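Every number here is computed from the coordinates shown, using simple stated rules; none is lab data. Source: prediction; values computed, not measured. No Cβ is skipped: glycine too gets one built from the backbone with ideal geometry, and neighbour counts run over all protein chains shown.
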Amino acid sequence: MAFQLPDLPYGFDALEPNIDARTMEIHHGKHHAGYTKKLNAAIEGTDLEGQKIEDILANVSKHSTGVRNNGGGYYNHCLFWEVMSPNGGGEPSERMNIHKAIMRDFGSFDNFKTEFSKAAATRFGSGWAWLCVDGDDKLFITSTPNQDNPLMDVADQKGTPILGLDVWEHAYYLNYQNRRPDYVSAFFNVINWDEVTKRYNAANVGASSF
Ligand code: MN
């Protein structure tokens, strides 16, 4: 079964004014669709057909550049659409495990926001900023170039991504031009904390200890 482009969980204009409809339409319908199509072409007829995307990425150093770039692009955008919502933004509620984990590992929401924003702003060229869970159930922030991500065996810091921000120019240039920090700031108005805490709970075997 080939990988499928998922539908956006909301309309193209749902995240305005933070992310404009035209950017969302091109980003999903052209960029994400392109990664999906090229990933399927890259694995067709190989033993990667039928594997889970997470398993392909975990061994990506053994595969072609096409699998790395398009497999990353496929996975990263699937996550990206889900961790945003027109009903998102603000801070996670105190009852959420992700709130407790942010307090434990960053001291305050503001510290977390500052550190994440810095990772997004300072990623040179195209790439992603991530909030991840490591093997000791601890949160960490990192960034990756191009369409790499922390699931990949080639990543500097490996972990399970639970929040990701696309900082390729295609993600913001129509509305923000060179003002990446403004786009990063706007992203915080649409973060879907219900989804992030769900992913945290799924990744973190110690979540029940809160
Ligand atoms: Mn993108």
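Quick look at the numbers
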| read-out | value |
| --- | --- |
| Amide H partners (placed H, <5 Å) of Gly127, local residues excluded | Asn146, Val167, Trp168 |
| Length-normalised contact order for the chain - Cα pairs under 8 Å, 6+ apart - percent | 25 percent |
| Evaluated over the chain, the Cα radius of gyration and Dmax, each in Å | 16.5, 49 |
| Note, ³J(HN,Hα) from phi for segment 42-50, Karplus 6.51, -1.76, 1.60, rounded to Hz, x at Gly and Pro | 6, 9, 4, x, 9, 6, 7, 4, x |
| Translational diffusion of segment 63-103, µm² s⁻¹ [Kirkwood Rh, Cα pairs; Stokes-Einstein; 37 °C; 0.692 mPa s] | 259 µm²/s |
| For Asn59, distant residues with modelled amide H under 5 Å away | Asp153 |
| Options Ala202, Thr23, Gly11, ranked by Cα towards positive dipole end of the chain, top entry (Cβ charges) | Thr23 |
| Residue-count net charge about Gly125 - beta-carbon cut-off 15 Å; Lys, Arg +1, Asp, Glu -1 | -1 |
| For Gly89, distant residues with modelled amide H under 5 Å away | Val190, Ile191, Asn192, Trp193 |
| Cross-link table Lys52/Lys158; Lys113/Lys198; Lys118/Lys138; Lys30/Lys138; Lys52/Lys113; Lys113/Lys158, entries beyond 24 Å C-alpha to C-alpha | Lys30/Lys138; Lys52/Lys113 |
| Derived scalar couplings ³J(HN,Hα) [segment 169-179; Karplus, 6.51 cos²θ - 1.76 cosθ + 1.60; whole Hz; x for Gly, Pro] | 4, 4, 7, 8, 5, 4, 9, 10, 6, 7, 8 |
| Ellipticity estimate at 222 nm from DSSP helix runs (n ≥ 4, -39,500 (n - 2.57)) divided over the chain, nearest 500 | -12000 deg cm²/dmol |
| For segment 10-24, Karplus couplings with θ = phi - 60° (6.51, -1.76, 1.60), whole Hz, Gly/Pro x | 7, x, 4, 8, 5, 9, 5, x, 5, 10, 6, 4, 4, 4, 5 |
